[in-house]
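The values are calculated or read from the model by the stated rules, or taken from the named source; none is laboratory data. Since the structure is predicted, the reported quantities are computational estimates derived from the model, not experimental observations. Because the Cβ atoms are built from the backbone with ideal geometry, glycine has one as well, and the counts that use them run over all protein chains shown. Quick note on the areas: whole protein, heavy atoms, side chains included, nothing else; ligands and nucleic acids left out. Shrake-Rupley method; radii C 1.70, N 1.55, O 1.52, S 1.80 Å.
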Amino acid sequence: MNKLLDRLPFRIELEPRLVQPPRWYPWVLSLLSVVVALLIGAIVLALAGGNPWASYAHIARASFGDIGVFSDTLVKAIPLMLVGLACTLAFRMKLWNIGAEGQFFIGAFGASAVVLLPVLPEDAPRWLFIITMIVFGMAAGAIWGFIPGFLKARFQVNEIISTLMLNYIAISWNNYFIFAIWSDGGFQMSKVFPRNAWMPRLTDYVDTIPMFRGLTTHFGLILALVAAVVVWLILYRSQWGYEIRLVGDNPRAAQYAGISITRNTVLVMMLSGALAGLAGMSEISGVVHRLQGAISPGYGFTGIIVAWLAKLNPIAVVPVSILFGALILAGREIQPSGIPKLLQGIILVSLIASDFLMRYRIRVHRKDLLKEAK
Amino acid sequence: MDQPTPSSPAEIVVQMCGIVKHFPGVLANDHVDFELRKGEIHALLGENGAGKSTLMNILAGLYHPDGGSILVNGKPVSFSSPRQAIQAGIGMIHQHFMLVPSQTVAENILLGLDEPRFFMQLSKYEQEIAKLSERFGLKVDPRAHVWQLSVGEQQRVEILKMLYRGANILIMDEPTAVLAPTEVDELFNTLRAMVAQGKSIIFISHKLHEVSQIADRVSVLRRGVSTASGVETRSMTKTDLARLMVGREVIFSLEKNPCQPGKVVLQLEDLWAENDKGLKALRGLSLQVRQGEIVGLAGVAGNGQRELADVITGLRKAEKGRVLVDGDDITNRSVKTGIHHGVSHIPEDRTHVGSAPNLSVTDNVIMKKYKHAPIARGWMMNAIAATNYASELKQAYEIIAPNLETPVRLLSGGNLQRVILAREISSQPALMIAMQPTRGLDVGAIEGVHRLLLAQRDAGAAVLLISEELEELIDLSDRVVVIYEGAIMGEVANGNIQHIGLMMTGVRQDQLADHMEAAHE
Ligand SMILES: Nc1ncnc2c1ncn2[C@@H]1O[C@H](COP(=O)(O)OP(=O)(O)OP(=O)(O)O)[C@@H](O)[C@H]1O
Ligand SMILES: [Mg+2]
């Protein structure tokens, strides 16, 4: 390998980047890494005997081709936005919450409990149902975030391990209820919720606006957009967000400034959990309309990628989620369905690799010049 | 091999001509010329942000100059990485060490080299390293782990690392800023041994007496322009040097108003505390600081100074004893309680404790103000008020930075210190714990800090000044107390250096007379 490099007429060197790159640089880098990932994906597809361009065109058509599929893409993007925000918030404080999946399931459980316990009677008004479900979903997620947050703050338990473990507990917890307690006639799912507990969808307004026929985009989109703005406000415009950024950058400086790291650890994990819980609630009340096992194709984990790709910027989480929503949707359309998963993986890898370029600069030298210098 | 044999003592090993380097918003080097002779110690002086580190980073291959040329041993070079510079025999020791704490000295030195390839036959290399360290008087155990080493020892490892890579030209960026006085002497012996063996050294420092003591020649930068290039040190006085650096006369003696101590602000009663390694660092320390006085705490580094500052500010728990501020017991209360009582703290470690490196200048100066109006507005922050506040401080404290959004890690060492000083002093504290407040500052800035501290005192603040610079302590303080192994040995009000020196070695004040007699006999 070295021999081969020696024969090239130029030399490639890496040097640490000491000067702050311009503002646009991270964004261009993210975009490029997606492009590179798609190119790598294309090569893999071609090697596997497929036609990459046809596949990509198909993915694009299947997720952005018309307003109908775009609406479906948005439906997939909503939980990703919320989970992506959950991860963004926690990662900003260097809390590696990889338990968004579990918080999502528990949030779904909390929201379902409103109907299934029941907390509210079947004929309660829709607005009351939705607000109560939001509160219960977020509270449940917050509890699921509190546990690892408290363990970390109090006993220095590594949150990566504890959040990961809590994912399994959350899923089993849900399963227990759908198998044993809320099972609908022996099926592994609950009964369908009453209409009052459904979040409004575009298609519900088909009588006034005929164009909305069949569009399943639901109220959760508004929730997610509001959440994105709120998280942005918290991080960049609030005192609490300042504390979060300070702790994330240098915990010792934060301590020195009188900021309680333990308190913030717990609070950030709770809000992070609450956001992931809201994602679960929105999925239950907006899409599934019942509690069942398969409610997430790994939203909680994809959210981690989304947060990174958005460079932990809450506003950027929105477009990135739409991109990933498209990939998830395409998974249904494309055979084999593994391809979009593969793409997701490649995107993540090239993204992490591109982070390297944030810190290092590549220089190419002509060899002859170098020899002269010596 | 192809190196020319030394022909005359004035052989020039490095020649930098017309070096230009821009950073966004600043011209860090403006056509700077610099020349280094074989076997000399060449000091590089300049105010904070004058461009010293930048110039040396260029020579060491970290930055690429925008203009100018560099000759090494008479041949033009254009380094694009530190690796190439070290191949040409140039090694730089940065102010922040770049060692891996969990590895041994030998492993750190070998790190990144092509040899050893796969098999680490460490003992062989350890011997080589031991030999090298003996040759230059760099005492350090190759098998020790880096985290066990003191700052001075870590610096030796950095030097060894460069020597092991065959460096003939060593650049040392403010090597003495982090050292205790005894360690400085050891370093100087090493430097002398190195030049005696034909190495050449560039030595950056802000301490003029060190420059006169060790350097053969000196070059001075001011705001990126060279104001002196390769002048014999012997022909220069401290005042000359200071004028070249700052561009005006620097007053070395301080005008001090008589001290008018008021009521007791800080009262420490029988304090006990442990250090990070779990050893007793404070052993029954008692001390009082009054309103309107500066109390200097003298002592050899590591006698409990840092732990004392930590305990007072709430960063460390006391095991026993009491800390009273304005009569309120704040022992083992939160840092926030201290801040509410008007305790401000200039920490010793500015990069790891005093600042958040990736956050902006604005974010760093509001660290203790973000909860107060006008920056705080309900639970929100008023970004405009924060920016205004930051730009006020930037002006008042002459912080040189491209803009307020710059992450502070990109500021020069002295400017980072100013950011911290600006934040701590502007809070108009009742009690100020200042630890090495002038470390890394240029003479002009030191003068400024001294004046600021005196102004604090005159405004009625109680100041506890912790410093290893005896001169500074004696000049500034109204009384000097001496700490030894976590307890106060005694107090000196008239600046008697001899007494302070004795107490620093553990002699109690009441035994002073005996010791002095013993010394006379
Ligand atoms: N990587 C960088 N990006 C932007 N500006 C920089 C960078 N490095 C240095 N500067 C600026 O260049 C100027 C010179 O900085 P330099 O670090 O060379 O100063 P210095 O003489 O070493 O000062 P000090 O004594 O405070 O260490 C400063 O204004 C500094 O803010
Ligand atoms: Mg410097």
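Of the residues B:224, B:133, B:95, the one whose Cα sits farthest toward the positive end of the charge dipole of the range B:12-246, with +1 on the Cβ of Lys and Arg and -1 on the Cβ of Asp and Glu, is B:224. Of the accessible area of the range B:12-246, computed with a 1.4 Å probe over protein heavy atoms only, carbon and sulfur atoms account for 52 percent. Solvent-accessible surface (1.4 Å probe) assigned to residue B:31 amounts to roughly 120 Å². Span-like helices, chain A: DSSP H, alpha-carbon axial extent 27 Å or more, mean Kyte-Doolittle 0.5 or greater, which ones? Those that clear 27 Å and a mean of 0.5 are A:25-47, A:67-92, A:126-155, A:261-283, A:338-359.
What chain A shows is 46 Å² of accessible area per residue, with the surface traced by a 1.4 Å probe over protein heavy atoms. Dividing the summed -39500 (n - 2.57) terms of all DSSP H runs of n ≥ 4 by the residue count of chain A sets its mean residue ellipticity at 222 nm at -22000 deg cm²/dmol. Residues of A:240-250, mean number of Cβ from any other protein chain within 10 Å of their own Cβ, rounded to a whole number? Shielding by partners across A:240-250 averages 5. Relative to one another, the C-alpha centroids of the range B:47-88 and the range A:138-189 are positioned 57 Å apart. Which Cα, out of A:313, A:32, B:54, lies furthest along the positive dipole direction of the protein assembly as shown (beta carbon charges, K/R +1, D/E -1)? Highest projection toward the positive end goes to A:32. Since only B:421, A:331, B:462 are under comparison, the one whose Cα sits farthest along the positive direction of the charge dipole of the protein assembly as shown, derived from C-beta charges on Lys, Arg, Asp and Glu, is A:331.
Efficiency by 1/(1 + (r/R0)^6): what FRET value for residue B:337 and residue B:514, r their Cβ-Cβ distance, R0 = 56 Å, to the nearest 0.05? The calculated FRET efficiency here is 0.80.
Charged side chains reduced to their Cβ positions (Lys and Arg at +1, Asp and Glu at -1) give the range A:75-358 a dipole of some 400 debye around its Cα centre. Taking Lys and Arg as +1 and Asp and Glu as -1, the other residues whose beta-carbon sits under 14 Å from that of residue A:88 total +4.
Each principal axis of the Cα cloud of chain B was evaluated for its coordinate range; sorted largest first, these ranges are 73, 63, 52 Å.
Taking each residue as 0.36 nm, the span from residue B:391 to residue B:505 lengthens on full extension beyond its C-alpha to C-alpha distance by 36.5 nm.
The charge dipole of the range B:349-428, taken about its Cα centre with unit charges on the Cβ of Lys, Arg, Asp and Glu (plus for the first two, minus for the last two), comes to roughly 180 debye.
Label separation (residue B:283 vs residue A:40): 6.0 nm, computed from points 7 Å beyond Cα along the C-beta direction.
The listed peptides A:118-125, B:449-456, B:202-209, A:148-155, ordered by packing as a protection proxy, come out as B:202-209, A:148-155, B:449-456, A:118-125 (highest mean of other Cβ atoms within 10 Å first). Rg then Dmax, both in Å and based on the Cα atoms of the protein assembly as shown: 32.3, 111.
The solvent-accessible area of residue A:45, taken with every protein chain present and a 1.4 Å probe, is close to 10 Å².
What order, most packed first, do the peptides A:210-222, B:51-63 have when packing is the mean number of other Cβ atoms within 10 Å of each residue?
Details: A:210-222: 17.2, B:51-63: 24.8.
Per-residue mean Cβ counts within 10 Å order the peptides as B:51-63, A:210-222.
Taking 51 Å as R0, compute the FRET efficiency from the Cβ-Cβ separation of residue A:262 and residue B:141 and round it to 0.05. With R0 = 51 Å, the Cβ-Cβ based efficiency is 0.85. Residue by residue along B:377-384, Cβ atoms of other protein chains within 10 Å of the local Cβ number 4 on average. Placing B:316, B:165 in order of accessible area, with the largest value first and a 1.4 Å probe, yields B:165, B:316.
Only lysine pairs 8 or more places apart, or on different chains, with alpha-carbon atoms under 21 angstrom apart are counted in the range B:12-246, and they number 18.
Given a 1.4 Å probe and every protein chain left where it sits, what share in percent of the accessible area of the range A:75-358 is carbon and sulfur? Please list the in-between numbers first.
Numbers: 7640 of 10970 Å².
In the range A:75-358, the share of accessible area belonging to carbon and sulfur is 70 percent.
In the assembled protein chains, residue B:98 presents an accessible area of approximately 120 Å² (probe radius 1.4 Å). Extents of chain A, largest first, come to 86, 57, 39 Å (Cα atoms, principal axes, whole angstrom). Positive contributions from Lys and Arg (+1) and negative ones from Asp and Glu (-1), summed over other residues with Cβ under 14 Å from the Cβ of residue A:146, come out at +2. Ordered by solvent-accessible area of protein heavy atoms (1.4 Å probe), largest first, the residues A:203, B:190, A:208 come out as A:208, A:203, B:190. Legend: mean number of C-beta atoms from other chains within 10 angstrom of residue C-beta atoms, peptide B:54-63, equals 1.
In the calculated pair distance distribution of the range B:349-428, what percentage of Cα-Cα distances lie above 19 Å? For the range B:349-428, the fraction of Cα-Cα distances above 19 Å is 28 percent.
For the pair A and B, the buried accessible area comes to roughly 3200 Å² in total, with a 1.4 Å probe and the value rounded to the nearest 100.
In chain B, the calculated helix contribution to ellipticity at 222 nm averages -9500 deg cm²/dmol per residue, counting -39,500 (n - 2.57) for every DSSP H run with n ≥ 4. Shown in residue order for the range B:331-344 are the 3J(HN,Hα) couplings computed by the Karplus curve 6.51 cos²θ - 1.76 cosθ + 1.60 at θ = phi - 60°: 4, 6, 8, 6, 4, 4, 4, x, 4, 5, 7, x, 8, 10 Hz (x for Gly and Pro).
Protein-only accessible surface at a 1.4 angstrom probe places the residues B:397, A:205 in the order A:205, B:397, largest first.
Cα centroid separation, the range A:35-75 to the range B:289-333: 65 Å. Placing +1 on each Lys and Arg Cβ and -1 on each Asp and Glu Cβ, with no other charges, gives the protein assembly as shown a dipole about its Cα centre of roughly 2500 debye. Accessible surface computed residue by residue for the range B:247-333, with neighbouring protein chains in place and a 1.4 Å probe, gives 49 Å² per residue.
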